[in-house]
Amino acid sequence: MIEYLLLAFGEVVMIFGALGIIRFPDVYTRLHAATKCDTGGAMTILLALALYIDASVFIKLKLLVLTFLIALINPMISHAIAKGAYKYGIKPEVVVDMYAWDNP
Amino acid sequence: MSRIPFYLKERLEEVQKRVLYESYEAQKLPVWERITLTWIVLFSFWIVITANTSLDNLIIGGIATLIIASFMRDMLMEDVRHKGHLIEKIIYFLLLYAPQYLIIMAFRLIESNIKVAKNVIFMDIKPGIMKIRTDLHSDTGVTILANSITLTPGTLTLDVSKKLGETYLYVHWIYVETLNREKAGEKIKGDIEEWLKKIFW
Amino acid sequence: MVEENLLVTPFGWGVLVLIFTSILLTYRVLFGPTLADRIVGLNTITTKMVIMIAILSVISKQYFLIDLAVVLLMVNAVGGLILSKYLERRGKR
């Protein structure tokens, strides 16, 4: 029963992440939606799969390794894209920009 | 500005850098502990990926991961603090530190998902880029701190700048609550930095 | 025994929802104002693809496909890093 609840939570989070990528105004806020909702939804869905599956222990461990790799890799890529977009010349719409003070 | 303060400043920076390097070298793990820890991590990964517990597979995996661990010992385990015996360290990590971190991050992740959903519906954003200071110095520690900051609600790490002895993080904050650096640092980092300072240098 | 109909379990419906979100994200890939927007959309779609492969391999009981999901995730990491490095270099010119 609990795996279906986790699956539903993950799907709802994924839908909100996609809506956030469409609705937010600039790249950095879009990256917020992409990273958080994608990582959270993916981890909950893979946990639900690991609870649902009836196979040997190694298959469950393999799904848990996939969860760990997603949690490790996804924020790293978002950090790289944010830095690259700033260096590319996309100005963020912000209240205070302390990064531009130090790197003119 | 005359010439002498510049010269003194350079000299002071050099001395400070050397002191930092010496204290860093003194706190490193010895070589065989680094090799053993890397070997444990790689061997468990081998067993999980191959999904096969026959004897010849274990022997092949053990030898191959031992060779790789003796080459790669500085990449994974260079930044771990030197404290206590090896077995004591492993038991502490598996029973105390890792579950604590997982519980903290799980609740933070759920909270951040709900917060992003709220932001998508109401569009109440006021973004800003803040500069905060951390006490961590090693590469692994700063990487894990930046990843954790990205997964906590409302923040995204942009860049890291390392001046001597001090590390600064640039954080894109989706709703700026305060402009004070100290308060912002406390709000953004939370108790993750306290946890990371126990393990990483 | 491989099941004929995928929509027997709720995970099959989950795959349909993931495909729907990918179609929503295709808007951002096609009409993104800047290059960085397209990269964000592509990375998100690839992560959803990894999860689709994992779910389908569990439903159809072909467990070796989970290894393929791990490999696709790592390719996604390398691709994202190289594209962001390209953005950084191109801005300097």
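Please treat every number below as a calculation from the coordinates, not as lab data. Treat the numbers as computed from the prediction; the structure is a model and nothing was measured. In this analysis, Cβ positions are derived from the backbone assuming ideal geometry, glycine residues included, and neighbour counts consider all displayed protein chains.
Below, the figures for the structure above:
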| item | result |
| --- | --- |
| CD proxy at 222 nm, helix term only [per DSSP H run n ≥ 4: -39500 (n - 2.57); per residue of chain A; nearest 500] | -28500 deg cm²/dmol |
| Average Cα contact separation per residue, chain B, under 8 Å, 6 or more apart, as relative contact order % | 22 |
| Test item: A:86-93 mean partner chain Cβ contacts at 10 Å | 6 |
| Separation of alpha-carbon centers, segment B:151-171 and segment A:43-104, rounded to whole Å | 16 |
| Difference of contour (0.36 nm per residue) and Cα-Cα distance, B:Ile91 to B:Val19 | 22.7 nm |
| Anisotropy class of chain A from Cα gyration tensor, a/c 1.5 cut | prolate |
| Pairs of Lys in chain A closer than 27 Å at Cα, counting only those 8 or more apart or on different chains | 6 |
| Packing-based order for C:54-63, A:25-34, B:119-128, using average beta carbon neighbours within 10 Å, highest first | A:25-34, C:54-63, B:119-128 |
| Estimated FRET transfer efficiency when R0 is 51 angstrom, pair A:Ile22-B:Tyr7 (beta carbons, to 0.05) | 0.35 |
| Total charge dipole magnitude, chain A, about the Cα centre, Cβ charges on Lys, Arg, Asp, Glu only, Debye to nearest 20 | 180 |
| Overall form of chain C per C-alpha gyration tensor (a/c, 1.5; a/b vs b/c) | oblate |
| Non-local Lys pairs in segment B:1-155, i.e. 8 or more apart or on different chains, that have alpha carbons under 30 Å apart | 14 |
| Residues B:Leu94, B:Leu42, B:Leu55 arranged by fewest to most Cβ contacts within 10 Å | B:Leu55, B:Leu94, B:Leu42 |
| Relative compactness, segment B:93-199, computed as alpha-carbon Rg over 2.2 N^0.38 Å | 1.10 |
| Averaged over B:129-136, number of beta-carbon atoms from partner chains that fall within 10 Å | 3 |
| Charge tally in the Cβ shell below 15 Å around B:Ile103, where Lys, Arg are +1 and Asp, Glu are -1, B:Ile103 excluded | -2 |
| Label-point separation, A:Phe58 to C:Ile23 (7 Å along Cα→Cβ), nm | 4.0 |
| Selected from B:Ala69, B:Ala184, B:Ala106 as most flexible by GNM, with chain B as the system and alpha-carbon contacts under 10 Å | B:Ala106 |
| Segment C:7-92, dipole about Cα centre (Lys/Arg Cβ +1, Asp/Glu Cβ -1), debye to the nearest 20 | 300 |
| Amide H within-cut-off set for B:Asp159, under 5 Å, with H built and near neighbours excluded | B:Tyr170 |
| Total formal charge among the other residues, if their Cβ is under 13 angstrom from that of B:Val116, Lys/Arg +1 and Asp/Glu -1 | +3 |
| Cβ-derived FRET efficiency at R0 30 Å, A:Leu72 paired with C:Trp13, nearest 0.05 | 0.55 |
| Global geometry of chain B, whether rounded, prolate or oblate, following the gyration tensor of its Cα atoms and the 1.5 cut on a/c | oblate |
| Estimated FRET transfer efficiency when R0 is 41 angstrom, pair A:Trp101-C:Leu81 (beta carbons, to 0.05) | 0.90 |
| Environment charge at B:Glu177 (Cβ cut-off 11 Å; Lys +1, Arg +1, Asp -1, Glu -1) | +3 |
